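Trainee: One structure, as structure tokens, below. Some questions next.
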């Protein structure tokens, strides 16, 4: 998928921010829960330490320390219930310490003695050598007439940690799943929302200069997309108008130019054929006539172009053999090549059926050959070839002439463009020959391209679809 | 021979009138469609030359009205628009020929004469210009009794020029007759062929038959140039 598409970016942002929020929430939840559970444990242990102090140690004078130790052991069964209990005198000597738990989950000897503390109650968290954690609540018990005791009550954090681990696992698995579901859902939603955009894009792509009268489909949904397609349609309408106007202008202008040209030519011809005309005058009249004819030619070709632009080539549509057309055209033009000592070879063996306007397609061959002959010096070589390649008919005109400069190459099909202002050609061209080739090719859904290396030669290639019965 | 010319451009009409009168035709001129139709309806003409874009009534309308009367008078259309659709429509309405502006007067004249079946369609199988003989059946060309070998196109060109000895043919006319529409704009091809033709037909002889009328075209004639 295109990483710059709106769908992708929208879904990525949306899934990304949701994932971040989820992770944050889960982390908060996890940390808070851990804090709460540990705290709860501590308080429970402190309560038990207080219990030992308030029920046993308070009477230690009467009962003796041994009683306290045995009672503690009986009540809490530290070895069975994995508890750590220690009672020390203020001087640090031991009254009672619980034994190692039966399941060997920890070693009580690992719990270091507490330093003398002034606080009445405090906690500590010990990391044991087997990787477990012990929460140890301590209580300083002092009462009248006894030396003061330190009661410690500890328990492993195991159950809490097991629960937290489980929660962590659930979150770690659930989070990607949730993000995945959200991503897929978001993708489907966005795609559905953007489907009309795809439609509009496809419709817009199918609109070219030849079907500017067509419009995009407008879904009457009242949303932004309806506005977009309406706006695009208005733009196409404006384009259509502008294009029609410019075509009409060219047609009208050519038409308006023809009448005065008729008069100019008529008058000049009459003059030129006047008997006993002063030779100098006759020379000037002839020169004027030549210019008038050149002008007529330009007007004619402009009109041809504007008619092709308007799609008028389709009037004489028929199936024809491009190879045969190329061969006969090359024969008809062979003298032009011979005149410059240029060898003109036509490679067109097999019939290559195409569909189109014969006169127009022939004009393509004529213009390309004429161009090649014009820009190939004496004793050069021109090769015209027609082949069927896959589903295409390929016509090529290759010469070893002057070639076309790199910067001029993209413009050779532009109207009135001349690749070489100081060309060796006769300068009588109109600068429209290749534009006409291009326009005819467009009318035939054909591609035309030029490849050239200056002073090595040029190759023009026309590719049009083969005709299938 | 009487010709009606309906053309609103006075200068164009003037040129055509002068040219046709020089060829000894009687020419009537109208500058708008309504007058044109009245004249065409009132008098008997041998040929109508109609411009298409006319004030008050278009050339096409006149054409249709004349044809509705089922007149067999030949009609030549002049137009500054040459869209295929226009052309087809006018031929369907009964036009006999169609000429697009700007044109060489020589071209108009050839077409006029062809329509009047006077002279131009030289159907005889042997054409003669001076000591040049063209046998249209065998396509043999002889000059002063000597056979001249010509290519097909050279022969076509020579025969076309020989159909109207002395008449000047424009390059455009030659291309349309000897080549085809696709070669339009490629007028230098005519020059090259004429040069080759000259080498074979004129160079070995003292009298030159092929003439160049600069800016206009070529002609074949044995008359001494003025």
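Trainee: Viscosity 0.692 mPa s, temperature 37 °C: give me the Stokes-Einstein translational D for chain B in µm²/s, with Rh taken as the Kirkwood radius over C-alpha pairs. Numbers along the way, then the final one.
Mentor: Details: Rh = 19.0 Å.
Stokes-Einstein gives a translational diffusion coefficient of 172 µm²/s.
Trainee: While we're on this one: As a footprinting exposure proxy, order B:24, B:34, A:83 by other Cβ within 10 Å, with the fewest listed first.
Mentor: B:24, B:34, A:83
Trainee: So what is the relative contact order for the stretch B:126-220, in percent, with contacts set as C-alpha pairs under 8 Å and at least six apart?
Mentor: Relative contact order of the stretch B:126-220: 27 percent.
Trainee: Could you tell me the relative contact order of the stretch A:6-163? Use alpha-carbon pairs under 8 Å, at least six residues apart, and round to a whole percent.
Mentor: So the answer I get is 23 percent.
Trainee: Taking the 0 to 90 degree range and rounding to the nearest ten, how far is the long axis of helix A:358-374 tilted relative to the main principal axis of chain A, both from C-alpha atoms?
Mentor: 90
Trainee: Under a point spin-label approximation (7 Å from Cα along Cα-to-Cβ), what is the residue A:21-residue A:219 distance to one decimal in nm?
Mentor: 2.7
Trainee: Turning to a different aspect of this structure: Arranged by the count of other C-beta atoms within 10 angstrom, fewest first, what order do A:35, A:411 take?
Mentor: So the ranking, lowest neighbour count to highest, is A:35, A:411.
Trainee: On to the next question. Just to be sure I understand: of the beta bridges DSSP finds with both ends in chain B, what percent are antiparallel, rounded to 5? List each step's numbers first, then the result.
Mentor: On the way: 17 of 34 bridges.
Close to 50 percent.
Trainee: With 10 angstrom as the radius, rank A:30, B:155 by how many other C-beta atoms surround their C-beta, starting from the fewest.
Mentor: By the 10 Å Cβ count, ascending, the order reads A:30, B:155.
Trainee: Could you tell me how far the Cα centroid of the stretch A:57-119 sits from the Cα centroid of the stretch A:1-51, in Å?
Mentor: Taking the Cα centre of each part, the stretch A:1-51 and the stretch A:57-119 sit 39 Å apart.
Trainee: Is the stretch B:2-115 best put as rounded, prolate or oblate by its Cα gyration tensor, with a ≥ b ≥ c the root eigenvalues, rounded for a/c under 1.5, and otherwise prolate when a/b is larger than b/c, oblate when not?
Mentor: rounded
Trainee: For the stretch A:316-438, just say rounded, prolate or oblate: build the C-alpha gyration tensor, square-root its eigenvalues into a ≥ b ≥ c, call rounded for a/c under 1.5, and beyond that prolate if a/b exceeds b/c, oblate if not. Write down the numbers at each step before the final one.
Mentor: Working: a/c = 1.87, a/b = 1.41, b/c = 1.33.
Note, shape of the stretch A:316-438 comes out prolate.
Trainee: How tilted is helix A:6-55 with respect to the longest principal axis of chain A? Cα atoms for both, answer in degrees (0 to 90, nearest 10).
Mentor: Tilt of helix A:6-55: around 0 degrees.
Trainee: Any idea what the relative contact order of chain B is, in percent, if you count C-alpha pairs under 8 Å spaced at least 6 apart? Numbers along the way, then the final one.
Mentor: Numbers: 333 pairs, mean separation 28.8, N = 226.
Taking the mean separation of contacting Cα pairs over the length of chain B, I get 13 percent.
Trainee: On to the next question. Only bridges with both residues in the stretch A:316-465 count here: give the DSSP antiparallel percent, nearest 5. Mind dumping the intermediate values first?
Mentor: On the way: 28 of 33 bridges.
Here the share of antiparallel DSSP bridges comes out near 85 percent.
Trainee: Let a ≥ b ≥ c be the square roots of the eigenvalues of the Cα gyration tensor of the stretch B:126-220; is it rounded (a/c under 1.5), or, if not, prolate (a/b larger than b/c) or oblate?
Mentor: In terms of gyration-tensor shape, prolate.
Trainee: Computed FRET efficiency, Cβ-Cβ of residue A:12 and residue A:103, R0 56 Å: what is it to the nearest 0.05?
Mentor: Using R0 = 56 Å, I get an efficiency of 0.65.
Trainee: Relative to the longest principal axis of chain A, what angle (0 to 90°, nearest 10) does the C-alpha long axis of helix A:322-338 take?
Mentor: Taking the Cα atoms of chain A, the angle to A:322-338 is about 60 degrees.
Trainee: Using helices alone, what [θ] at 222 nm do you get for chain B, with -39,500 (n - 2.57) per DSSP H run of 4 or more residues, divided over all residues and rounded to the nearest 500?
Mentor: So the calculated ellipticity at 222 nm is -11500 deg cm²/dmol.
Trainee: Let me ask another. For B:96-108, what's the mean count of beta carbons from other chains sitting within 10 Å of each residue's beta carbon? Write out the running numbers ahead of the final one.
Mentor: Values: counts 0, 0, 0, 0, 4, 12, 16, 6, 7, 7, 2, 0, 2.
Rounded to a whole number, the mean comes out at 4.
Trainee: Moving on. How long are the three semi-axes of the equivalent ellipsoid of the protein assembly as shown, in whole Å, if each is the root of 5 times an eigenvalue of the C-alpha gyration tensor, listed from largest down?
Mentor: That gives 110, 30, 20 Å for the three semi-axes.
Trainee: Next question. Within 10 Å of each Cβ in A:347-353, how many Cβ atoms from other chains are there, averaged over the peptide?
Mentor: 0
Trainee: Grab the DSSP H runs of chain A that are 4 residues or longer, score each as -39,500 (n - 2.57), total them, divide by all residues and round the 222 nm result to the nearest 500 deg cm²/dmol.
Mentor: Values: 9 runs with 240 residues, N = 469.
Helices in chain A give a 222 nm mean residue ellipticity of -18500 deg cm²/dmol.
Trainee: Any idea how far the Cα center of the stretch A:272-324 sits from the one of the stretch B:178-225, in Å?
Mentor: 18
Read-outs throughout are calculated quantities, based only on the coordinates presented, and are distinct from any laboratory measurement. Since this is a predicted model, take the numbers as computed values, not measurements. Reconstructed Cβ throughout: ideal geometry from the backbone, glycine too, with neighbour counts over all protein chains shown.
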